[in-house]
Amino acid sequence: MQGIEPKIHQEVIKRVHDLEQLLKETPEQNREYTEEIFHMNTELSALYEEYLTIKKRLESCIKLYKSQHIEIRKQLTQNIRKLRRETINQK
(Lines give C-alpha, C1' and ligand atoms only; values in the text may rest on other atoms or scores of the structure.)
Protein backbone atom coordinates (compact mmCIF):
# COMPACT_ATOMS: atom_id res chain seq x y z
CA MET A 1 0.00 0.00 0.00
CA GLN A 2 2.84 2.35 0.68
CA GLY A 3 4.16 1.83 -2.85
CA ILE A 4 0.84 2.51 -4.59
CA GLU A 5 -0.55 5.33 -2.48
CA PRO A 6 2.31 7.84 -2.95
CA LYS A 7 2.24 7.41 -6.74
CA ILE A 8 -1.47 8.15 -6.92
CA HIS A 9 -1.12 10.98 -4.41
CA GLN A 10 1.68 12.54 -6.49
CA GLU A 11 -0.42 12.22 -9.66
CA VAL A 12 -3.42 13.89 -8.02
CA ILE A 13 -1.25 16.68 -6.58
CA LYS A 14 0.39 17.24 -9.98
CA ARG A 15 -2.99 17.50 -11.69
CA VAL A 16 -4.33 19.88 -9.04
CA HIS A 17 -1.22 22.04 -9.52
CA ASP A 18 -1.75 22.00 -13.30
CA LEU A 19 -5.37 23.02 -12.80
CA GLU A 20 -4.35 25.88 -10.49
CA GLN A 21 -1.77 27.07 -13.03
CA LEU A 22 -4.39 27.00 -15.77
CA LEU A 23 -6.78 29.05 -13.65
CA LYS A 24 -4.04 31.60 -12.87
CA GLU A 25 -3.15 31.97 -16.55
CA THR A 26 -6.72 32.87 -17.57
CA PRO A 27 -7.79 36.21 -16.11
CA GLU A 28 -10.91 36.35 -18.30
CA GLN A 29 -13.29 33.45 -18.69
CA ASN A 30 -12.35 32.10 -22.08
CA ARG A 31 -14.50 29.28 -23.49
CA GLU A 32 -11.48 27.22 -24.62
CA TYR A 33 -9.89 27.37 -21.18
CA THR A 34 -13.21 26.72 -19.45
CA GLU A 35 -13.66 23.50 -21.45
CA GLU A 36 -10.07 22.48 -20.71
CA ILE A 37 -10.57 23.17 -17.01
CA PHE A 38 -13.81 21.18 -17.03
CA HIS A 39 -12.05 18.29 -18.79
CA MET A 40 -9.15 18.35 -16.32
CA ASN A 41 -11.54 18.51 -13.37
CA THR A 42 -13.51 15.52 -14.71
CA GLU A 43 -10.31 13.58 -15.29
CA LEU A 44 -9.07 14.43 -11.79
CA SER A 45 -12.37 13.34 -10.24
CA ALA A 46 -12.26 10.03 -12.14
CA LEU A 47 -8.65 9.48 -11.07
CA TYR A 48 -9.55 10.16 -7.43
CA GLU A 49 -12.54 7.80 -7.58
CA GLU A 50 -10.29 5.10 -9.06
CA TYR A 51 -7.79 5.73 -6.26
CA LEU A 52 -10.49 5.33 -3.61
CA THR A 53 -11.74 2.11 -5.21
CA ILE A 54 -8.24 0.63 -5.39
CA LYS A 55 -7.49 1.71 -1.82
CA LYS A 56 -10.71 0.15 -0.51
CA ARG A 57 -10.02 -3.10 -2.39
CA LEU A 58 -6.44 -3.17 -1.12
CA GLU A 59 -7.53 -2.56 2.46
CA SER A 60 -10.02 -5.43 2.27
CA CYS A 61 -7.32 -7.72 0.82
CA ILE A 62 -4.99 -6.76 3.66
CA LYS A 63 -7.70 -7.49 6.25
CA LEU A 64 -8.38 -10.86 4.64
CA TYR A 65 -4.67 -11.68 4.55
CA LYS A 66 -4.28 -10.68 8.19
CA SER A 67 -7.21 -12.81 9.35
CA GLN A 68 -5.94 -15.80 7.35
CA HIS A 69 -2.45 -15.28 8.75
CA ILE A 70 -3.78 -15.24 12.31
CA GLU A 71 -5.83 -18.39 11.70
CA ILE A 72 -2.89 -20.26 10.18
CA ARG A 73 -0.67 -19.13 13.04
CA LYS A 74 -3.16 -20.50 15.58
CA GLN A 75 -3.24 -23.83 13.76
CA LEU A 76 0.54 -24.02 13.62
CA THR A 77 0.83 -23.18 17.30
CA GLN A 78 -1.61 -25.97 18.14
CA ASN A 79 0.30 -28.42 15.94
CA ILE A 80 3.62 -27.47 17.51
CA ARG A 81 2.22 -27.92 21.03
CA LYS A 82 0.78 -31.29 20.06
CA LEU A 83 4.10 -32.45 18.63
CA ARG A 84 5.97 -31.27 21.74
CA ARG A 85 3.57 -33.17 23.98
CA GLU A 86 3.99 -36.28 21.85
CA THR A 87 7.78 -36.09 21.96
CA ILE A 88 7.76 -35.51 25.74
CA ASN A 89 5.38 -38.44 26.25
CA GLN A 90 7.58 -40.71 24.11
CA LYS A 91 10.67 -40.06 26.27
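The values are calculated or read from the model by the stated rules, or taken from the named source; none is laboratory data. Everything numeric in this text was worked out from a predicted model, so none of it was measured. Here Cβ is always computed from backbone atoms with ideal geometry, including for glycine, and neighbour counts include all displayed protein chains. Only protein heavy atoms, including side chains, enter the accessible area calculation; ligands, DNA and RNA are left aside. Shrake-Rupley method; radii C 1.70, N 1.55, O 1.52, S 1.80 Å.
Condition check: modelled with pLDDT of 90 or more, within 29 Å of the chain's Cα centre (by Cα) and open to solvent by 80 Å² or more (accessible area, probe 1.4 Å). Does LYS63 satisfy that?
The answer is yes for LYS63.
Here are some conditions: (1) surrounded by 10 or more Cβ atoms within 10 Å (Cβ to Cβ); (2) of a type outside the set (Lys, Arg); (3) modelled with pLDDT under 90; (4) over 30 Å from ILE13 (Cβ atoms). ILE88 meets all but one. Which one does it not meet?
It is condition (1) that ILE88 fails.
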